[in-house]
Amino acid sequence: MLVHPKNQENQDAILHISSYDLALNIEYLRSSLLGEAIDNYVPYTAEITMTFDTDANTLVVSWEGNDEDGDILTYDIRIEEGTLEIVNEVDLIETNHGPIDAVPGRVYTVEIQSKDTAGNISVSTRSRLME
Ligand SMILES: [Ca+2]
């Protein structure tokens, strides 16, 4: 943009733009100093593994979480036997649960919520027949 230096109206406009940019930079710097993420991705949905032991009649659940930003993740787990909730635990740092009792012929559903430090949540579910 070409600005004539004697044009007072345009000088005001330039001053305004400079102030605006400065404010943005200060906000960016403040966020960086506080360690706040400017943008933060939702965690990837957890990869759930369900392992049945048909001799002991048990189920072991393990999962793998991942986050694009490398945030530390915590997990909520729910397990249903049919439509009956049999496990409900929150804020886990471990990535496995069990063994728990399992009955042949019943369907077990596992739901894992992966939660990052920025408050983002992803939900992953998996169902398997105990056999
Ligand atoms: Ca994240």
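Quick look at the values:
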| read-out | value |
| --- | --- |
| Hits in the stretch 101-120 (condition: surrounded by 12 or more Cβ atoms within 10 Å (Cβ to Cβ) and either touching a Phe, Trp or Tyr at 6+ places or on another chain (Cβ under 7 Å) or over 22 Å from T58 (Cβ atoms) (or both)) | A102, I112, Q113, S114, K115, D116, T117, A118, N120 |
| Residue in the stretch 73-90 that is within 16 Å of the ligand (Cβ to nearest atom), at pLDDT 95 or above and assigned to a loop (DSSP other than H, G, I, E, B) present | yes |
| So T117, is it within 16 Å of the ligand (Cβ to nearest atom) and either over 22 Å from D55 (Cα atoms) or out of contact with any Ser or Thr (no Cβ under 8 Å at 6 or more places or on another chain) (or both) | yes |
| Test for G98: is it more than 12 Å from the ligand (Cβ to nearest atom), crowded, with 16+ Cβ neighbours inside 10 Å and at positive phi | yes |
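The values are calculated or read from the model by the stated rules, or taken from the named source; none is laboratory data. Quick caveat, the model's predicted, so the values are computed rather than measured. Note: ideal-geometry Cβ built from the backbone for every residue, glycine included; neighbour counts use all protein chains shown.
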